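A.B. asks: One structure, as structure tokens, below. Some questions next.
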Amino acid sequence: MATATISNGQEKITALYCRLSQDDGREGESNSISNQKEILLAYAKKNGFLHPEFFVDDGISGTTFERPDFQRMQAMAERGEIATIIVKDLSRFGRNYLEVGKYLEIQYPTLGVRFIAIQENVDTFSNTGTELMPFSNIFNEWYAAQTSKKIRAVQQSKASRGERVSSAVPFGYMKSEADNKQWVIDEPAAKVVRYIYDLCLSGLGPMQIAKRLEEEKYLIPSAYLISVGRATSHKNFANPYRWDQATVVHILENRQYTGCTVNFMTTTVSYKVHKTVYNPKDEWQIIPNTQEAIISEEKWLRVQEIRENRIRPTATGRIGMFSGLAYCYDCGAKLSFCAAKSLKPNQEHYRCSNYKSNRGECQVHYIRELSLQKIVLKAIQDLSAFVQEFEPVFLYMLAKKNTYAQKKELADLEVSVKSGKKRIDDIDRIISRLYEDNIEGKISDERYMKMSSGYEAEQRELSPRIEADEKRLTALKQTTVDLRLLLGTLRECTEIKELDRMLVNKLIQRIEVHNNDKYDGHCHVKVDIYFTGAGIIDVPTEKEIIALMEEIRNEEDETKLFSA
């Protein structure tokens, strides 16, 4: 065999390409990397191919060509460093019909690279086996499509049994040594996850959190896994402390930290396009209590609420303690936090965002940041002291205030949503039967169009109503969770002397500021504080507390009498 050389006099190599995906591995030892290497090397030696070099992609699907060693081999081919590429069979090269054809029928002939597939007896140099090559490639792609369907079916089956589908373990957990399917808390990593949630509660956005983590030298997830000797696919990073904003967002949005499993959260575009995309949330399957929680359900949901009302810092970089929580009582718009280099800290203030120097849609609703801090601190201190000493009375007050009404509304909404969805399904079946009757000639085209149009119009009217009811249902269920967060925080805070953003975000859901009211020579501003899960709470006087305790005792006595 003639020896091929490149321009610098160096002899070209023979590329022996091996590939195995996780799905191919099910076919057994015949397709193992070691078996492929043995076959390829024996073939090269027997047929006089010089300077063999292996290129191996293990655990990567043939439907994509974004494979590290394939890309390395391709770059060498384009530089004229490869004379021949040999594979065990065409499926090892790839399972995407169009892409395989592009390489074998256009690129490699153009580059002068010889291609050999041993099993199909394909050799582009002698033009052997090339007639049937397209059919083999089509079959290989069909195989990939069928394998993808089988994998999805297996996932659906596992999910129906309440099992976890994804094998990916979130940062903060690791697989149990005793049971590979079980996750246990990886405490050093979990500590970072908790810190990220606390930073979010303290008012920082994902970019600010990422910068803080980098400044404080917290290892990024990939660097951490490498440091403890665990496998990771992300090994190429210049700075092990440079956190990405997207990583922080993913951690903040990952519900699995609450101890549940979330199946079908993501999917790929297709079996050929491996880009990961998020499924709609109503398609997620949530299985509770599958592992120990790192973040409480209450804290996770509160963080989601905060992130829905994202706050931008002022030009000075300052974020008001109540930014995103303070609203105008009259028009409902958010209050803008006003801070500037020309303003002293005691001059920083909030005002209605619809106010434009008396030419806007609303009045000023002006209040200083320090004044609002004093008002909110006093309200929290009073409520904390009340709950610490009279928690049963506080819970009784809430029950009197809204529990019955909420329970009734909750039950009505659940019935409404269930019946609405059932009606939509029924209409789908009715339209399907009408279509069959029309095809069979039982009803005319005109009658079919009139009836189906009527049913479709009913569906269009039902859909937004069901969506609105579901949102309200979610909000009501959220209130119960928020109340647990409020109580838990108040129980922990035995003595509150000053406010911080984290405490405010945990305890306060909304603040409404009334417009200035000037009388007796002073400016008065009324402030309504809505506590998380409880709304506006007027702490009762001592006399009112005694009366409420008497009511509780009377109700307990009646319950005992009824039970007897």
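A.B. asks: May I ask you to compute the full-extension gain from Glu214 to Gln119, defined as 0.36 nm times their residue separation minus their alpha-carbon distance, rounded to one decimal in nm?
C.D. replies: That pair, Glu214 and Gln119, stretches by 29.0 nm at full extension.
A.B. asks: Continuing with the same structure: Under a plain spin-label model, where a point goes 7 Å from the Cα along Cα-to-Cβ, how far apart in nm are Gln388 and Ala411?
C.D. replies: Placing both labels 7 Å along Cα→Cβ, they lie 3.9 nm apart.
A.B. asks: Over the stretch 488-545, what is the relative contact order in whole percent, taking alpha-carbon pairs under 8 Å and six or more residues apart?
C.D. replies: Computed value for the stretch 488-545: 26 percent relative contact order.
A.B. asks: If you don't mind, there's one more thing I want to ask. Kindly sort Val415, Val387 by accessible area of their heavy atoms, largest first, with the probe set to 1.4 Å.
C.D. replies: So the residues, ranked largest to smallest area, are Val415, Val387.
A.B. asks: From the C-alpha gyration tensor of the stretch 61-126, pull out the three semi-axes of the equivalent ellipsoid (sqrt of 5λ each), sorted largest to smallest, in whole Å.
C.D. replies: Over the Cα atoms of the stretch 61-126, the ellipsoid semi-axes are 16, 15, 11 Å.
A.B. asks: Sort all Cα-Cα distances of the stretch 192-247 into consecutive 5 angstrom bins from zero, then give the percent of pairs in each bin up to the one containing the longest distance.
C.D. replies: All Cα pairs, binned at 5 Å, distribute as 4, 21, 29, 23, 14, 8, 2 percent.
A.B. asks: Subtract the Cα-Cα distance of Glu440 and Gln347 from 0.36 nm times their separation in residues, and report this length gain in nm to one decimal.
C.D. replies: Gain on stretching Glu440 to Gln347: 25.6 nm.
A.B. asks: For the ranges 195-207, 439-451, what's the packing order if you count other beta-carbon atoms within 10 Å of each residue, average per peptide, and put the highest first?
C.D. replies: 195-207, 439-451
A.B. asks: If you roll a 1.4 Å probe over the heavy atoms of the protein chains, what accessible area per residue do you get for the stretch 39-79, in Å²?
C.D. replies: Value returned for the stretch 39-79: 51 Å² of accessible area per residue.
A.B. asks: Let me ask something else about it. Given R₀ = 41 Å, what would the calculated FRET efficiency be for Arg230 paired with Ala42, taking r from the Cβ atoms and rounding to 0.05?
C.D. replies: For R0 = 41 Å, the calculated efficiency reads 0.65.
A.B. asks: Another one. At what distance in nm do the modelled label points of Glu78 and Ser432 sit from each other, each positioned 7 Å from its Cα along Cα→Cβ?
C.D. replies: The answer from the label model is 5.0 nm.
A.B. asks: Could you work out how much longer the chain between Asn35 and Val249 gets when fully extended? Use 0.36 nm per residue separation minus the Cα distance between them, nm to one decimal.
C.D. replies: Result for the pair: 72.7 nm of gain on full extension.
The values are calculated or read from the model by the stated rules, or taken from the named source; none is laboratory data. Just so we're clear, the structure is a prediction, and the values are computed from it rather than from any experiment. Here the Cβ is made from the backbone with ideal geometry for all residues, glycine too, and neighbour counts use every protein chain on show. Only protein heavy atoms, including side chains, enter the accessible area calculation; ligands, DNA and RNA are left aside. Shrake-Rupley method; radii C 1.70, N 1.55, O 1.52, S 1.80 Å.
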